[in-house]
Structure formats: C-alpha cells, structure tokens
Amino acid sequence: MNISKLVFENVDSYIVTSEQTRNYFTGFHSTFGILIIIRDKSFYITDNRYAEVCNSFFEGTSVEPVIIAKAGDGYVKAQEIIDSNNLKKMGFEDTMSVRDFTELKELVKVELVPVGKYFEAVRSVKTSEELEKIAKIMAISSEAFLKTLQIARVGMTEKELCAEINYQIYKMGADSLAFETIIASGANGSKCHAVPSDRVIEKGDLVTMDFGGRLDGYCADITRTIAFGKISQEQEKLYNTVLEAQELGLANIKPGMICGEVDGIVREFFKSKGLDQYFVHSLGHGVGVEVHEEPRLSPNCDIKLVENMVVTIEPGLYMPGAMGVRIEDTVAVTKDGYRNFSTCSKELHIIKA
Ligand SMILES: [Mn+2]
C-alpha cells in the first residue's frame, strides 16, 4: 500500500474522495468511497456493494473498512471518524470539482487544507514494488511489439496493425491497454497523435507505433518507428537523428538533473541540425498509475529528477505531409543514471516486402 509514502507536515490527516487516488494509496477499487488517512490508522468508507471484498481486502492491514448502507451517509460517517480521532486539519485534493468541494465543506466540519501537487509529487517517486510492476508490464509490451513484427506485412491497414499489437499485449498477460494505441504510417506519421485509419501500409513507409499495456494498475509506454520494405536515405537519416536525440536524452537522466534542462539539451541538439521546429512536443513525462503523470520533461518544468522517478524519453520529428519518427522508452532514474524498462531494441526494424 502506498499510504506509507505520506508524511504529515501541516496536517494531521488526509481525506481522499477521488476514485483514482483512493485506489493509488490503498490498491482497493470502488466507484464510491471516502478514504481518511491518519498516521497509524486509516479508514476506507464505502457502501454495501463492496462489503465482502472490502472487508477481506483490508483484513490484517492498517486500514479499517467502514461499510455504510448508502453513499449519502458517507460524510456523516466521515464526521464521526473525524470527531472520534480528534482530527483538526485535513489535507484534501484540490483537483476535485467545485460541486464535490462544496458538498465536502458543507458536510465535514474540520479545517480543510489543499495539498496542491503534493499527491502528484508522492506518486512520482516509486517504491521498489511499483518499479517491478512497471518493469513487468514494460516487458510484456516490448514482447508484444516483437511478436507483432513477425505478423506485420505491407498491405495491412493501420487498423489491422493496431489490432495485432493490442491482441498481443492482452495475450502476453496485460489487464488492459494503458491508452489507445497509435499507428501512424507514411504521411500520417507527421501527426504525433494520429488515430489508426484505414490507410493501407505501403512499401517504403515508416510506421510509428505508440503502445503500452496496463497491469496491476501500472502503465507501460513505448514508441517504435519501423520500416516496411526499403526506405530512402532521407527517411533513414531522420530515423538516425531521432535515435541520436533519444540516446542523448537518456544519457542525461540522473538524479539532480532538472526536467526542463533535459528537454532543453535535446531541443538544442535538434536546433543544431536545423530541425527544432519539427519537434513539436515535450521530451517526456512521468509514468505510473496514469500514463501521463508528474514530472513533465518539458521546457518550463523545474522539478529535479530523483532516484526512483519513472519517466519517458520520447523525442520525435514530424515532417508535415511527408513522414514522422518517434522513439520512446520508459526508464527509472537510478542512483547514477537510469534503468531502461523497454526490452525491445531500437535498431531500425525492417519488415520484409
Ligand atoms: Mn509517452
């Protein structure tokens, strides 16, 4: 359970209402719930529908399940817990809706302290348990990609190729996809978030595949650009430039580096080649229970990398109307560098045609 990551500085407790954050801290999922976190004991309030699973899930843990008859009684129960534990200052997630906040403020009589980006910061640094979960789904997703290479053929549509890799991700053991797979072939490659279309993949196309599964709540994120048949020197040059940029980004992943600076180093490299206007997004982002989370490796991000953060490095070049290349790995920051979770190589894979 990730509850143990929390420290109590200006508050004596936390109240968590969002589905995802409750799930993140406890590992338990319910559509309705209120989680009250206190130093040595926490309470998970949920309704009848979850009674059986909730009781057995938290058995023998520091979390006490509190089952109520209907969701409407949730805050009444929360107030009882606040009173009986003499809680005075509760941290709360300020990303909740105005409607939820109004209700919370009305029904719970305690000082509410917004946590700002504290939960996101806590989430950004992974425990060894979380790292192994990410390693596992990254290995599954990498293997799924390698398997798909054996099936990929000229004449397939983007949708067919998408279906193949999605199928392999599930077949290798993922619970679900972490996000909608991107397949961008030929001229579609210049759209960095292209949606797979009916376009038939032709001889001489570069095809960008951005994919990842989810397992045990944790996401994988990988991008590879592959070639179908013989490609031009210009295409190969673009590929090698992006690969060089990606390796440069990786080489700068270590504790103490500022996220915006790592982005800047890669942006400068593209600038030196006169290509920076074709690098239209950030260098990378954190990965965890969400596929995009803190920290962002973007120009204005002043967060310092620390050991056990998990981030992507994914430079790309997008030539409008012509082609695109993106290469992405998800890595963990280690004591003196990084650990790459992708297990599929980055040499240009060429599908025989
Ligand atoms: Mn990504």
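Rule-based calculations on the coordinates, nothing more; no lab input. Model, not experiment: these values are computed from the prediction. With ideal geometry, Cβ positions are generated from the backbone for all residues, glycine too; neighbour counts draw on all protein chains shown.
List of remarks:
- Shape category assigned to the range 2-124 from the gyration tensor of Cα positions, a/c cut at 1.5: rounded
- Gaussian network model of the chain, springs between alpha carbon atoms under 10 Å - residue of A178, A332, A71 with greatest fluctuation: A71
- Helix 74-84 and the longest principal axis of the Cα set of the chain meet at an angle near 60°.
- Least to most buried among K109, K136 (fewest other Cβ within 10 Å first): K109, K136
- Relative to the longest principal axis of the Cα atoms of the chain, the long axis of helix 259-272 lies at roughly 10 degrees.
- Label-point separation, A69 to N48 (7 Å along Cα→Cβ), nm: 0.9 nm
- Applying the criteria of a DSSP loop state and at most 15 other Cβ atoms within 10 Å to the trypsin sites (Lys or Arg not before Pro) of the range 22-72 yields R39, K41, K70.
- Toward the positive end of the charge dipole of the chain, with +1 on the Cβ of Lys and Arg and -1 on the Cβ of Asp and Glu, the farthest Cα among P315, S84, S272 is that of S272.
- When the charge dipole of the chain is built from unit charges on Cβ atoms (+1 for Lys and Arg, -1 for Asp and Glu) and taken about the Cα centre, the candidate among I37, C54, T334 whose Cα reaches farthest toward its positive end is T334.
- Multiplying the residue separation of E247 and S298 by 0.36 nm and subtracting their alpha-carbon distance yields 16.7 nm.
- Cα-based reach from K254 at 30 Å (exclusive), listing lysines while leaving out same-chain residues under 8 positions away: K5, K117, K126, K133, K136, K237, K271, K273, K304, K335, K346
- Computed lengthening from V200 to V122, 0.36 nm per intervening residue step minus Cα-Cα distance: 23.6 nm
- Net charge dipole, the chain: roughly 580 debye, given to the nearest 20, about the Cα centre with Cβ charges of +1 for Lys and Arg and -1 for Asp and Glu.
- Maximal additional length on extending the E236-D40 stretch stands at 64.8 nm, based on 0.36 nm per residue less the C-alpha distance.
- Packing rank of 149-155, 282-288, where each peptide gets the mean count of other beta carbons within 10 Å, highest leading: 282-288, 149-155
- Shape of the range 198-282 from the C-alpha gyration tensor: oblate (a/c of 1.5 or more and a/b not above b/c, with a ≥ b ≥ c the square roots of its eigenvalues).
- Cα gyration tensor shape of the range 128-351, rounded if a/c is under 1.5, else prolate or oblate by comparing a/b with b/c: oblate
- Cleavage-rule hits, GluC sites (Glu not before Pro), the range 1-60, DSSP coil, Cβ neighbours within 10 Å at most 12: E9, E59
- In degrees, nearest ten, helix 128-151 long axis to first principal axis of the chain (Cα): 30 degrees
- Cβ crowding within 10 Å, taken as a proxy for footprinting-reagent exposure, orders S141, S176 from fewest neighbours to most as S176, S141.
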